[in-house]
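To start, the structure under review is shown below, and the notes come after it.
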Amino acid sequence: MSPAPSIGVLATGTCLPERILTNDEVAEAAGVDPGWIVQRTGVLRRHVAEPDQAASDLAAEAVRRALAAAGMPASALGLLVLATSTPDELGPSTACRVQALVGADRAVAFDVAAACSGWLFAARVAHDWLRAGTGERHAAVVGVEVYSRFVDPADRATAVLFADGAAATILGPVPGGEGFAPIRLGSDGTGAGDVLIPAGGSRLPASPQTLAARRHKVHMDGRAVRDFILRIFPEVLGDALDRNGLRLADVDLLVSHQPNPLLLRRAAAGAGLPEDRVVIVGDEVGNIGAASIPYALASADRDGRLRSGSRVLVTAFGAGLTWGSTVLTWTRAQHGTVPPPRTEIPRTDISRIEGAPL
């Protein structure tokens, strides 16, 4: 029996809604000053889906762009795993909607719900699936969020950060020594109440009372979330390095979930990572949840920061609570359209952070 193949990222694709929601607009509804948003979070703008755009629409376009970049037809996909906290419906899986939209009729399609860690959880599933020897060779792993449907514009803790977007990766065989190292994941359900949408499920079905109480919006304990991120970040980073016999100096780039740019900078600085080795995209797109990590990978590839053989330390953390890490040795992947960065983020004090959603 031949050894299981190494699995890596062959191509990326992204999709951001065209509409941009500025800090001026968000600040007015949230009752804060636009400068407060930048000083406390570092977010400059965020993208918002149109009324007729659902999560599946954004995800399908990201998958199409990733397939085009890979030079691969949708029929080549044996697996399509979609990570989201904002599905089209509670059922069926949004992945099945995307499968139909892109014509991936040979792909097994399903969702993974691990909040902002979702892409890494989904990548673990796809990685192990493709190595299992059951015949599938290529998988699409896509993260997508349409948080704008679930954010209370008057809640400054969430409205200033959460945004919409999708990013997809095509996974498949790569040369030995490249691709994903083992992906380590973790969960702590005792913190499930720190960030959640309380109503709309089987515990609190939709009713006039839940609607009036705005229980269908994101609720967050900002301080608890901030403390969790600052605690878990060095743990998952150190675990990934130890498991792979690496030092921090051996890592070319850190690609992480983007709770907000300032909090990520603070966590990375505390771990001893220079800022020039940290990929920051949250200033331009906000917190796009499960799409954050694949979007950051696509952006780094577009900017020439990834070369064949680059070691990428990937860290994730999200509601649930969930977390994970891996080392990804980059292959000469192809990338679809990624909007170029437009604005240099103002320098600010990374200690001035109240909290950040996952």
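The values are calculated or read from the model by the stated rules, or taken from the named source; none is laboratory data. Fair warning: this is a prediction, and the values are worked out from it, not measured in the lab. Counting neighbours? That spans all protein chains shown, and the Cβs are built from the backbone with ideal geometry, glycine included. All accessible areas refer to the heavy atoms of the entire protein, side chains included, with ligands and DNA or RNA removed. Shrake-Rupley method; radii C 1.70, N 1.55, O 1.52, S 1.80 Å.
Structure notes:
- Unique residue being open to solvent by 30 Å² or more (accessible area, probe 1.4 Å), in contact with a helix residue (DSSP H, G or I) (Cβ under 8 Å, 6 or more places away or on another chain) and not acidic (Asp, Glu) when the list is 87, 3, 51: 87
- Any hit, segment 243-258, residues being closer than 27 Å to residue 149 by Cβ, touching a residue at least 12 places away in the same chain (Cβ under 8 Å), out of contact with any Ser or Thr (no Cβ under 9 Å at 6 or more places or on another chain) and among the hydrophobic types (A, V, I, L, M, F, W, C): no
- Hey, residue 70 farther than 19 Å from residue 285 by Cβ, among the small types (Gly, Ala, Ser) and in contact with a helix residue (DSSP H, G or I) (Cβ under 6 Å, 6 or more places away or on another chain) or not: no
- Residue 204 vs. criteria without any contact (Cβ under 8 Å) to a residue 24 or more places away in the chain and under 21 Å from residue 320 (Cβ atoms): yes
- Just one of (1) among the aliphatic types (A, V, I, L, M); (2) more than 23 Å from residue 182 (Cβ to Cβ); (3) open to solvent by 50 Å² or more (accessible area, probe 1.4 Å) fails for residue 281. It is (3).
- Subset of segment 213-238 [touching a Pro at 6+ places or on another chain (Cβ under 9 Å), open to solvent by less than 50 Å² (accessible area, probe 1.4 Å) and of a type outside the set (Lys, Arg)]: 216, 218, 220, 222, 225, 229
- Residues that are among the β-branched types (Val, Ile, Thr) and surrounded by fewer than 16 Cβ atoms within 10 Å (Cβ to Cβ) were ranked within segment 176-212; the one that is nearest to residue 226 (Cα to Cα) is 190.
Conditions tested, residue by residue: (1) modelled with pLDDT of 90 or more; (2) crowded, with 21+ Cβ neighbours inside 10 Å; (3) within 17 Å of the chain's Cα centre (by Cα); (4) among the β-branched types (Val, Ile, Thr).
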| position | (1), (2), (3), (4) |
| --- | --- |
| 269 | yes, no, no, no |
| 276 | yes, no, no, no |
| 301 | yes, yes, yes, no |
| 304 | yes, no, no, no |
| 318 | yes, yes, yes, no |
| 324 | yes, yes, yes, no |
| 340 | no, no, no, no |
| 356 | no, yes, yes, no |
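- Residue list for segment 46-80, restricted to those being of a type in the set (D, E, K, R) and in contact (Cβ under 8 Å) with a residue 12 or more places away in the chain: 46, 50, 57, 61, 64, 65
- Complete set of residues in segment 54-66 that are in a helix (DSSP H, G or I) and open to solvent by 10 Å² or more (accessible area, probe 1.4 Å): 57, 61, 64, 65
- For segment 245-266, a residue qualifies if it is part of a loop (DSSP other than H, G, I, E, B) and closer than 16 Å to residue 316 by Cα, and the qualifying residues are 257, 258, 259, 260.
- Just so you know, in segment 108-136 the residues that are outside any helix (DSSP H, G or I), touching a helix residue (DSSP H, G or I) at 6+ places or on another chain (Cβ under 7 Å) and not hydrophobic (A, V, I, L, M, F, W, C) include one that is surrounded by the most Cβ atoms within 10 Å (Cβ to Cβ), and it is 111.
- Unique match (being over 17 Å from the mean Cα position of the chain (by Cα), within 29 Å of residue 180 (Cβ to Cβ) and at pLDDT 95 or above) among 82, 101: 101
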